[in-house]
Amino acid sequence: MTTPAKVLELSGLTVQRGGAAILEIPAFSLNEHDFVSLIGPNGAGKTTLLLAIMGLIQAGGGFSLSYRGSAVDSAAAQLAFRRRIAMVLQEPLLFDTTVYENVASGLKIRGVGGRELKERVYAYLERFKLVEMAKRSARKLSGGEARRVSLARAFAVEPELIFFDEPFANLDPPTRQALTEDMDRVIRERGIAAILVTHDQSEALRLSNRVVVLHAGSIVQDGTPAAVMNAPVNEFVANFVGMETILEAVVLANHEQQMTLKVGDHELDAIGEQQPGEEAYCCIRPENVTVSIDPPYSTSARNVFKARIVETAPFGPLLRLRLDCGFPLTSYVTRESFAKLGLIQGGTVFASFKASSVHPITKR
Amino acid sequence: MDLILDGILQAFRLLFTLDREVLGIAWLSLKVSGLATLISLVLGIGLGTVIALTSFPGRKVLVSLVNTGMGLPPVVVGLFVSILLWRNGPLGFLELLYTPSAIIIAQSVIATPIVMGITIAAMQNLPANLRLQILALGATRTQLVFMLIKEARLPLMAGVMAGFGGVISEVGASIMVGGNVKGYTRVLTTATVMETGRGNFDIAIALSVILLLFCFLINYLLTLIQHRERPR
């Protein structure tokens, strides 16, 4: 297998605001066809990272950026680089003119005119189902339509690399879903690399081949979606990616990665590399915890605990159960299962999860 | 009441018979104020855009000064332009005092802060991230400025209206630097003042009607453009 070519490489990126560093990234690179989801809490530096790469905010000295092997180190090189990429910001920021003119704007900036301009604009109007509204004022579009136009405007310049900064925030779920699919389809058709800033972890899982977690201006984890979601590197990432149960534990034994950990007065089986005596966090995703009325004798789950339902709360189409097994544990059940099992708050159940569902992180 | 009625009738008679003197005065007013507005547009939009898009120490003071300048009393402008252009003044060698050029200079001084103030406000009212979006689309700095001006064009037209309205209707500066010389620097406002003083209300009303008509037509034209500019 050949290593994918690097499209973008940066090093020594720092951005200061009010004398304090708000972004510090020693190195970051993007490979050909990478679809990176950039996740992290508000103020983590996600937008700042994209703007710094685009040269739209001042980065500190020592920052170097290269695009396809060429250094982006002068104003001219930066303009040329910006003209090969595109960025969709959180607001649609459409111009006060027609939909057609909006989609044409990036091409006009690049000096494209005449028949070529018209053909390219119509190609993207068609692709994003906007032909019928080509002559409409961009100011009179709905939120979803405006986002669609901003996508068409970005893709119309046929970028080699595209950045999205939460482009579908505040949209209703069906519109968001439809736009995300359109975006994903065009990215895959054109085979370009992309970075998507998102707060929606299911979106990150579904779309990207790589997830980068930013926290307080630094990259804290960079890996496949499965690695970030199931094997977070620290307590922050575990919390952020929805590991609702994070328990403090001490390793009692480790035999060929089959571990036993002590959590309070209980023992947990897990898979990991920590050695006896080491302190660790045990992270368990709620979707990996099964709840039953009777002890699950036939289960392959190594960890079975008697628990009391402390709290039930709606969680989208599911119910989130807060359990007390002598240590806190969270589980999701469908409303149907909740009713079928006759579960009640304060009632007793058995909670079970596999050793492989417990992700231990060394405590530092 | 008869006085006003007679005045209005006489005004229309003067207008419809295309009275040479009245038309001459009207044309000069239009020319002088039109040119002053054009100059103020170039200076006001240019400087206003620079102030709006940059940050530097003392910017807030400068913006406050510009806003104060939006209400500059024409007589004060008239006084300082007169001093500048006075025979022994710093620009006296240009021999511009009591010429239409002097009125154009004074009126430009009056209109420029108005256009500048409206430009700064219009630019600042654009979405904060629009600049980033335009640059992200690959625009050069020059393209960015033109695209921002284009985006702010509707409020900027209000600037044109306010600027033109401000100068065509001012009298203090025009009379001080123009001198109200018959057939040379007599404009609608200075002529109206003079004819009223003489008790020639009919001519004064005729001149006022033309003045109002100009103001209305310019504003109507710009309103039409504003409406056409916003596609349905």
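The values are calculated or read from the model by the stated rules, or taken from the named source; none is laboratory data. Quick caveat, the model's predicted, so the values are computed rather than measured. Cβ coordinates were reconstructed from backbone atoms using ideal geometry, including for glycine residues, and neighbour counts include every protein chain displayed. SASA here: full protein model, heavy atoms, side chains in, ligands and nucleic acids out. Shrake-Rupley method; radii C 1.70, N 1.55, O 1.52, S 1.80 Å.
For the range A:134-179, filtered to residues that are in contact with a strand residue (DSSP E or B) (Cβ under 9 Å, 6 or more places away or on another chain) and assigned to a helix (DSSP H, G or I), the residue that is farthest from A:Arg84 (Cα to Cα) is A:Ala138. Tallying residues that are part of a loop (DSSP other than H, G, I, E, B), open to solvent by 20 Å² or more (accessible area, probe 1.4 Å) and in contact with a helix residue (DSSP H, G or I) (Cβ under 9 Å, 6 or more places away or on another chain) within the range A:60-92 yields 6. Of all residues in the range A:138-151, those being touching an Asp or Glu at 6+ places or on another chain (Cβ under 8 Å) and within 11 Å of another protein chain (Cβ to nearest Cβ) number 2.
Highlighted here are the strands (runs of 3 or more DSSP E) found entirely within the range A:230-294 that include at least 1 residues which are of a type outside the set (Asp, Glu), farther than 21 Å from A:Gly326 by Cα and open to solvent by less than 60 Å² (accessible area, probe 1.4 Å): A:245-255. Residues that are in contact with a strand residue (DSSP E or B) (Cβ under 8 Å, 6 or more places away or on another chain) and polar (S, T, N, Q) were ranked within the range A:78-122; the one that is nearest to the other protein chains (Cβ to nearest Cβ) is A:Thr98.
Only one of B:Leu84, B:Leu79, B:Leu41 is free of Cβ contacts under 8 Å to residues at least 24 places away in the same chain and part of a helix (DSSP H, G or I); which?
Values: B:Leu79 fails: free of Cβ contacts under 8 Å to residues at least 24 places away in the same chain; B:Leu41 fails: free of Cβ contacts under 8 Å to residues at least 24 places away in the same chain.
Just a single option satisfies the conditions, and that option is B:Leu84.
Annotation: B:Ala128 fulfils all but one of (1) of a type in the set (Gly, Ala, Ser); (2) in a loop (DSSP other than H, G, I, E, B); (3) open to solvent by less than 40 Å² (accessible area, probe 1.4 Å); the unmet one is (3). Evaluating B:Leu3 against the criteria (1) under 28 Å from B:Val177 (Cβ atoms); (2) open to solvent by 20 Å² or more (accessible area, probe 1.4 Å); (3) over 15 Å from the mean Cα position of the chain (by Cα) leaves one unmet condition, (1). Within the range B:103-152, being more than 14 Å from chain A (Cβ to nearest Cβ) and small (Gly, Ala, Ser) holds for B:Ala106, B:Ser108, B:Ala111, B:Gly117, B:Ala121. Against the numbered list (1) among the hydrophobic types (A, V, I, L, M, F, W, C); (2) open to solvent by 50 Å² or more (accessible area, probe 1.4 Å); (3) touching a strand residue (DSSP E or B) at 6+ places or on another chain (Cβ under 9 Å), B:Ala136 comes up short only at (2). From the set of residues in the range A:23-59 that are more than 25 Å from A:Asp184 (Cα to Cα) and surrounded by fewer than 21 Cβ atoms within 10 Å (Cβ to Cβ), which is farthest from the chain's Cα centre (by Cα)? Only one residue tops the list, namely A:Gln58. Can you say whether A:Glu235 is modelled with pLDDT under 90 and under 29 Å from the mean Cα position of the chain (by Cα), as far as the supplied structure shows? Spelling it out, A:Glu235 is indeed modelled with pLDDT under 90 and under 29 Å from the mean Cα position of the chain (by Cα). In the range B:153-169, the qualifying residues are those that are open to solvent by 10 Å² or more (accessible area, probe 1.4 Å) and not hydrophobic (A, V, I, L, M, F, W, C), and the one that is farthest from the other protein chains (Cβ to nearest Cβ) is B:Ser169.
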